[in-house]
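Read-outs: derived from the displayed coordinates by stated rules, not from any lab. What you see is a predicted model, and the numbers here were worked out from it, not measured in a lab. A quick note on method: Cβ atoms are made from the backbone with ideal geometry, for glycine too, and the neighbour counts reach across all protein chains shown.
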Amino acid sequence: MTASKGMPQVVTAPVSLWELASREANDFKWFESERSGYDVGPIAQWEWSRRYWRIFCRHRRVEHLIGERLIREFDEESFGRLSDPDLLNRPVVRFVIDQFAHKGWENLDFLLWAPHHGFDSHELYEALRLVDVNAARFDPPCWDVGFGI
C-alpha cells in the first residue's frame, strides 16, 4: 500500500466488490418494490446489474485509487495510487477520472478525444496507466432470478 505525500493514509478492512454490489442491488430492489407497491422479486437485482454494474465498478475503482476504500478485487498495490493531491489535481488525471467514471470512456475514447482537450499523448498515457481502465472490468454478478431453469 502506498502512503500519500504529507497525508497519512487511513486503511480500513478490505471490502468485496461483490458484497458492495449485493447491498446496492438489494437497495434497488427495495426501492423498486416500494415504488411498485409490491415485492418485485429478484429480477430487480438483474435489472440493477444491467443498468448500473459497469459504472458501479468504475466508481469503486476510483475510490480504491484515491485511497477511500480498499477493495479486494483490485490489486492492493494500486490502493491509494492517486491519494497525492498534487497528482490527483493534475488536469489530465482529473480529466481521465471524470470521463472514465462519469461518461464511461474507454481507452480508445481517450486516444481519440483527449488531444482535442489539449493533452499531449505522453501525459495522457501516464494518466491512463495510473487509472488502469481495464482493471475495472468484471462480469456482473449472477443473481438467482428464480426462473426455475
Helix 121-131 sits at what angle to the longest principal axis of the chain, using alpha carbons and giving 0 to 90 degrees rounded to 10?
-> 40 degrees
Estimated [θ] at 222 nm from DSSP helical runs (n ≥ 4, -39500 (n - 2.57)) normalised by residues in the chain, nearest 500 = -16500 deg cm²/dmol
Work out, step by step, the length gained on full extension between Arg72 and His102: first 0.36 nm times the residue separation, then minus their alpha carbon distance; give nm to one decimal.
-> 8.5 nm
Among Ile71, Ile97, Ile43, residue whose mean-square fluctuation peaks in a GNM of the chain (springs only between Cα atoms under 10 Å) = Ile43
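Rounded to the nearest 0.05, what FRET efficiency is calculated for Leu112 and Asp86 with R0 set to 35 Å and r the Cβ-Cβ distance? All intermediate terms of the calculation are to be shown ahead of the outcome.
Numbers: r = 28 Å, r/R0 = 0.80.
It comes to 0.80.
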The set of residues whose placed amide H lies less than 5 Å from the amide H of Val15, leaving out same-chain residues fewer than 5 positions away, is Leu70, Ile71, Arg72
Overall dimensions of the chain by Cα: Rg and Dmax, Å = 17.9, 56
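Relative contact order for segment 17-136: what is it in percent, counting Cα pairs under 8 Å that are at least 6 residues apart?
Values: 99 pairs, mean separation 25.2, N = 120.
Relative contact order comes out at 21 percent.
How about segment 66-143: which GluC sites (Glu not before Pro) there lie in a loop by DSSP and see at most 14 other Cβ atoms within 10 Å?
Numbers: sites: Glu68, Glu73, Glu76, Glu77, Glu106, Glu123, Glu126; in loops: Glu68, Glu73, Glu106.
Answer in residue order: Glu106.
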Compute the signed sum of charges (Lys and Arg +1, Asp and Glu -1) over the other residues within less than 13 Å, Cβ to Cβ, of Tyr52.
-> +3
What's the angle, to the nearest 10 degrees (0 to 90), between helix 91-102's Cα axis and the longest principal axis of the chain?
-> 10 degrees
Assertion target for His59, His116, ordered by fewest C-beta neighbours within 10 angstrom first, is His116, His59
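Pulled fully out, how much extra length does the chain show between Ser33 and Asp139, if you take 0.36 nm times their separation in residues and subtract their Cα-Cα distance? Mind showing how you got there, number by number?
Working: separation 106, 0.36 × 106 = 38.16 nm, distance 2.55 nm.
Full extension from Ser33 to Asp139 adds 35.6 nm.
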Angle between the Cα long axis of helix 17-36 and the longest principal axis of the chain, 0 to 90 degrees, nearest 10?
-> 50 degrees
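So if R0 is 22 Å, what FRET efficiency would Asp132 and Trp18 give, r being the distance between their Cβ atoms, rounded to the nearest 0.05? Walk me through the intermediate numbers first.
Details: r = 20 Å, r/R0 = 0.90.
For R0 = 22 Å, the calculated efficiency reads 0.65.
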